[in-house]
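The structure appears below as structure tokens.
The values are calculated or read from the model by the stated rules, or taken from the named source; none is laboratory data. Treat the numbers as computed from the prediction; the structure is a model and nothing was measured. Don't worry about glycine lacking a Cβ; one is built from the backbone with ideal geometry, like all the others, and counts go over all protein chains shown.
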Ligand SMILES: [Zn+2]
């Protein structure tokens, strides 16, 4: 796997961190994990148990979340399909 991204262009997060709301793509299998809350732990990849993800932070989280309080306690939590 080649990694040619310039420093600072690509962010990664590891399992056990709380990187905040966003999309996290497993670097091994490409599985996408979504975190909706700032206090949600990033877990190991359910598919391959990899601990490292590429980060794609949400530019806008959700239209119904406008305040920091809403980020911590979202009005309604969207369930990721199982
Ligand atoms: Zn994986």
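Observations on the structure shown:
- Residue within the stretch 24-34 that is surrounded by 16 or more Cβ atoms within 10 Å (Cβ to Cβ) and more than 13 Å from the ligand (Cβ to nearest atom) present: no
- Inspection of the stretch 69-82 finds a residue satisfying the criterion of being under 24 Å from residue 11 (Cα atoms), surrounded by 16 or more Cβ atoms within 10 Å (Cβ to Cβ), at pLDDT below 95 and more than 16 Å from the ligand (Cβ to nearest atom).
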